[in-house]
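Peer 1: Let me give you the structure first, and then I'll get to my questions.
The values are calculated or read from the model by the stated rules, or taken from the named source; none is laboratory data. Every value quoted in this text rests on a predicted model; they were computed, and no experiment measured them. Ideal geometry is used to build each Cβ from the backbone, glycine not excepted, and the neighbour counts take in all protein chains shown. Calculation scope for accessible area: heavy atoms of the full protein, side chains included, ligands and nucleic acids excluded. Shrake-Rupley method; radii C 1.70, N 1.55, O 1.52, S 1.80 Å.
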Amino acid sequence: MNSRSLSFRLVTWYAGLLTVVFVLLGALTLLFLRNYLEANLLDIQARRARQIADTLLAAVPRTGEGALARQVEELYSPEANDRLIRITRGDGHVVYASQRPKDNNFDPGQVPLPSWSRSGEFSRKALLPGGALLVAALPYTPAGGSERYLVEVGVSNSPTEGTLRQVLLMMAIGLPVALGVAVMGGFVLVRRALRPVEQLGRKAEEITQHNLSERLPVVQTGDELERLSISLNHMISRLEGSIESSKQFVADASHELRTPLTVLRGELEALAQDGQLRSQTRESLGSMLEEVDRLAEVVEGLLALSRLDAGESRAHWVRFDLAELAASTADQMSLLAEDKSIRVVCEAAADVIVEGDQARMKQVVVNLLDNAIKYTPNGGKVRLKITREGTDALLEIADEGIGIPQQALPHVFKRFYRVDGSRSREQGGAGLGLSIVESICSAHGAQVEVTSIPGKGSLFRIRQSLANNSTVHAPP
Ligand code: ADP
């Protein structure tokens, strides 16, 4: 599990807080329970002390202290009831003290005598080796008598401690179980609450400039997530609008530039026909024509890219043999290669059937072959290979040219990127050829990649799924 995920952090915090709350609650419960049980026990002992005072001590002036011990034994049987009863006279003489209790929980001889100068009843907890003893004490002076007595009734605190220990044990077992159930429940709830976030993230990953018309799923929960998905969709709409208008601008601008450039070219060609021109003017006209051609190429490239961005290439999808298309294109371009005495070797497997726009895929082969021929020195070799690999068609164009430096490889498919402005410009490139290749490939669901060794040559590889045997289906 990812320890930085929101669900993990929320559940960890929740578990931590819950543990603190449970422990505090448990400690308070134990504290209150102990106080309650002890107060209850002391209350019972105090009532018994009052009984002894009111019934037995009250009669002492008449009957004397001698009968006291027997009466206490008879009426209260302290040993059998595991209780301490002690009656002490004001001068410190113990008139009666019960013996060891039956359960042997304490030794009455070890219970210290309290100082009892105070007059009201009081209680205390005497700590003895066997455990604590809760003792209620009542100073009493019988009516008609001159002596003051202290009646003490005590009981061992061990049963209370035992009860508390049992409650503690129950808590020690019950709290982790309750905590575990609460944490698991919390985890399930958090996961459920965050599921829409995962869906939003997944969908957002899928949205690129090519499918900006798609929207994120709106979770109908009425909470922050619903508002977030609506806000993100509004943002995508705004982005779509501005990207569309900039695409439209490029398309319109390149379209508008096309005609004046054609006219300009025509005019310049017509001017160049003039036989009376000075050679210097003719040269200038020649270089102007070259520049106009380059400009026209850029405009055509931009137009092609803006149409591809608009998804135009998806309109004419058919099944065709990629090997056949590549071989015939190479054949058509052989003149260009012959000019530089470059040998184009074509190795084509049979029946490499793919789906797509044939004209666009031809453009891919043209652009790649054109580059391969352009950047290969005279007398070199360009190899074109079309094979099938599993369910894919593989188109490879390898040359023995100048190659592409390693640091330039990630950029060559970017618009207007040229490895070396001077060398490309000399050859007439504007840095749009490979961008067009990439756009066409991505519109066809194909991947294009390049490997190159400077000075040795480059290899462009395109991988496209073979058409399956069913009917042609245009991509969404
Ligand atoms: P251009 O039209 O300027 O050639 P591309 O988009 O076709 O633009 O290519 C981009 C850059 O990649 C070019 O500047 C060129 O230097 C380099 N490049 C493309 N293909 C090859 C190749 N086969 N061999 C060497 N360099 C190449």
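Peer 1: Mind checking which residues of the stretch 336-379 are buried (at least 21 other Cβ atoms within 10 Å of the Cβ) and among the small types (G, A, S)?
Peer 2: Hits for the stretch 336-379 are G356, A372.
Peer 1: Quick check on the stretch 410-421: of everything there that is in a helix (DSSP H, G or I) and near the ligand (Cβ under 9 Å from one of its atoms), which residue is farthest from E438 (Cα to Cα)?
Peer 2: Per the stated criteria, the residue is G421.
Peer 1: Need the failing condition index for A182 against (1) in a helix (DSSP H, G or I); (2) touching a residue at least 40 places away in the same chain (Cβ under 8 Å); (3) open to solvent by 60 Å² or more (accessible area, probe 1.4 Å), just the number.
Peer 2: Every condition holds for A182 apart from (3).
Peer 1: Working only within the stretch 439-467, note down all residues that are within 9 Å of the ligand (Cβ to nearest atom), buried (at least 22 other Cβ atoms within 10 Å of the Cβ) and not aromatic (F, W, Y).
Peer 2: If the condition is that a residue be within 9 Å of the ligand (Cβ to nearest atom), buried (at least 22 other Cβ atoms within 10 Å of the Cβ) and not aromatic (F, W, Y), then S452, G457, S458 are the ones that fit.
Peer 1: Select from the stretch 3-23 the residues that are part of a helix (DSSP H, G or I) and charged (D, E, K, R) and list them in ascending order.
Peer 2: Filtering the stretch 3-23 down to residues part of a helix (DSSP H, G or I) leaves 6-23.
Within the stretch 3-23, just R9 meets the criteria.
Peer 1: Tell me which residues, restricted to the stretch 259-290, are closer than 15 Å to L302 by Cα and out of contact with any helix residue (DSSP H, G or I) (no Cβ under 6 Å at 6 or more places or on another chain).
Peer 2: Within the stretch 259-290, T259 is the sole residue that qualifies.
Peer 1: For the stretch 265-275, does any single residue satisfy the condition of being open to solvent by less than 60 Å² (accessible area, probe 1.4 Å) and within 27 Å of I436 (Cβ to Cβ)?
Peer 2: yes
Peer 1: Determine which single condition R383 fails, assuming it passes every other condition in (1) within 13 Å of the ligand (Cβ to nearest atom); (2) open to solvent by less than 60 Å² (accessible area, probe 1.4 Å).
Peer 2: (2)
Peer 1: While we're here: Is there any pair with a first residue in the stretch 345-374 that is within 22 Å of I404 (Cα to Cα) and among the hydrophobic types (A, V, I, L, M, F, W, C) and a second that is within 11 Å of the ligand (Cβ to nearest atom) and part of a helix (DSSP H, G or I) whose Cβ atoms are under 7 Å apart and which are 6 or more apart or on different chains, and what are they?
Peer 2: Between residues of the stretch 345-374 that are within 22 Å of I404 (Cα to Cα) and among the hydrophobic types (A, V, I, L, M, F, W, C) and residues that are within 11 Å of the ligand (Cβ to nearest atom) and part of a helix (DSSP H, G or I), the close pairs are V364/V437; L368/V437.
Peer 1: Go through the stretch 320-335 and give me each residue that's open to solvent by less than 70 Å² (accessible area, probe 1.4 Å) and farther than 21 Å from E400 by Cβ. Show your work before the answer.
Peer 2: Residues of the stretch 320-335 open to solvent by less than 70 Å² (accessible area, probe 1.4 Å): 320-323, 325-330, 333-334.
Matches in the stretch 320-335: F320, D321, L322, A323, L325, S328.
Peer 1: Need pairs with beta-carbon distance below 6 Å; first residue at negative phi and within the stretch 387-405, second of a type in the set (K, R); sequence gap 6+ or separate chains.
Peer 2: These pairs meet every condition: D392/R463; L394/R463; E396/K385; E396/R461; A398/R383; E400/K381.
Peer 1: Exactly one condition in (1) at pLDDT below 95; (2) surrounded by 16 or more Cβ atoms within 10 Å (Cβ to Cβ); (3) hydrophobic (A, V, I, L, M, F, W, C) is not met by F416; state its number.
Peer 2: Condition (2) is where F416 drops out.
Peer 1: Of all residues in the stretch 50-75, count the ones that are surrounded by 15 or more Cβ atoms within 10 Å (Cβ to Cβ), charged (D, E, K, R) and either at pLDDT 90 or above or more than 19 Å from H93 (Cβ to Cβ) (or both).
Peer 2: The number of residues fulfilling the criteria is 2.
Peer 1: Related question: Select from the stretch 140-175 the residues that are of a type in the set (G, A, S) and open to solvent by less than 50 Å² (accessible area, probe 1.4 Å) and write down the one among them that is farthest from L31 (Cα to Cα).
Peer 2: Once the filter is applied, the top-ranked residue is G145.
Peer 1: Moving to a separate point now. Any residue in the stretch 27-39 that is out of contact with any Pro (no Cβ under 7 Å at 6 or more places or on another chain), hydroxyl-bearing (S, T, Y) and touching a residue at least 40 places away in the same chain (Cβ under 8 Å)?
Peer 2: Yes, some residue in the stretch 27-39 is out of contact with any Pro (no Cβ under 7 Å at 6 or more places or on another chain), hydroxyl-bearing (S, T, Y) and touching a residue at least 40 places away in the same chain (Cβ under 8 Å).
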